[in-house]
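> Here it is, the structure, as structure tokens.
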Amino acid sequence: MLAALALLGDGLWATLYVEPAGEALEQARTGRLMLVLACVLLLVAVATARTLLQAPTWAWVALLVPVVLTGGLALVAGESLFPQLSLVVSGPAALTGLVGGVVAPRRAPAARSSVS
């Protein structure tokens with residue numbers, strides 16, 4: 001999960017350019033592919049945390065924040081600075097969810113009582 005967050009940040013850095021030269025546009029294209037890969041990896045990580053690790057609900061929701069906010073803004077407004085600025089908000093939320101999913105106590109499944 002941490003690698004996916006690093007890939008997300010690196011992809012956003014690659015999409016940042018000042019002058020639309022040929023090399024900068026090629027780097028931005030590669031950065032967009034890295035963003036898509038990072039979002040897919042985060043979705044897989046959230047699904048794993050949800051099912052196998054039984055992480056608390058708030059932890060996997062916090063891990064979905066960068067996928068929805070940063071990934072969505074990269075698709076909608078990829079030529080602006082909104083995706084990069086959204087990582088300022090969604091990055092700490094995802095790190096909190098990552099740490100909380102590891103540290104927070106696991107809830108045992110509710111035992112069914114057969115009251116007859």
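> For the chain, with only Lys/Arg (+1) and Asp/Glu (-1) charged at the beta-carbon, what is the dipole magnitude about the Cα centre, in debye rounded to 20? Provide the component values of the computation, followed by the final result.
Working: 6 positive and 5 negative charges, 169 e Å.
Roughly 820 debye for the chain.
> Can you work out the accessible area per residue across the chain, with the rest of the protein chains kept in place, probe 1.4 Å, in square angstrom?
63 Å²
> Report the relative contact order of the chain, percent, no decimals, based on alpha-carbon pairs under 8 angstrom and at least 6 residues apart. Don't jump to the answer; show the numbers that get you there.
On the way: 123 pairs, mean separation 29.4, N = 116.
Contact order relative to length: 25 percent.
> Something else now. Loop-only chymotrypsin sites (Phe, Trp or Tyr not before Pro) in the range 6-104, please: DSSP not H, G, I, E or B, and at most 15 other Cβ atoms within 10 Å.
Values: sites: W13, Y17, W58, W60; in loops: Y17.
Those satisfying the criteria are Y17.
> Moving to a separate point now. On a 0 to 90° scale, report how tilted helix 2-14 is relative to the longest principal axis of the chain, with both axes built from alpha carbons and the result rounded to the nearest 10.
It is inclined by approximately 20 degrees.
> Tell me, what % of the accessible area of the chain is carbon and sulfur with a 1.4 angstrom probe? Let's see the in-between values first.
Working: 5270 of 7360 Å².
Ligands and nucleic acids excluded, carbon and sulfur give 72 percent.
> Can you tell me the orientation of helix 82-103 relative to the chain, as the angle in degrees between its alpha-carbon axis and the longest Cα principal axis, to the nearest 10?
The angle comes out near 30 degrees.
> Of C39, A62, L73, which is farthest on the positive side of the dipole of the chain, counting Cα position, with +1 on Lys and Arg Cβ, -1 on Asp and Glu Cβ, and the Cα centre as origin?
It is A62.
> Could you work out the mean projected area of the convex hull around the alpha carbons of the range 26-88, in square nanometres to one decimal?
On the way: hull surface 17.3 nm².
Its average projected convex-hull area is 4.3 nm².
> Under 1.5 on a/c is rounded, so check that first for the chain, then, if it is not, pick prolate when a/b is larger than b/c and oblate when it is not; a ≥ b ≥ c are the square roots of the alpha carbon gyration tensor eigenvalues.
prolate
> By how many degrees, between 0 and 90 and to the nearest 10, does the Cα long axis of helix 57-66 differ from the longest principal axis of the chain?
Approximately 10 degrees, to the nearest ten.
> Taking DSSP loops as anything outside H, G, I, E and B, show the longest stretch in the chain free of trypsin sites (Lys or Arg not before Pro) there with at most 11 other beta carbons within 10 Å. Working shown, then result.
Working: sites that count: R106, R107, R112.
Longest gap between qualifying sites, sites excluded: 1-105.
The values are calculated or read from the model by the stated rules, or taken from the named source; none is laboratory data. Just so it is clear, the model here is predicted, and its values are computed rather than measured. Glycine also receives a Cβ, built like all others from the backbone with ideal geometry; neighbour counts cover every protein chain displayed. Each accessible area value is taken on the protein alone, full model and side chains, heavy atoms only, with ligands, DNA and RNA left out. Shrake-Rupley method; radii C 1.70, N 1.55, O 1.52, S 1.80 Å.
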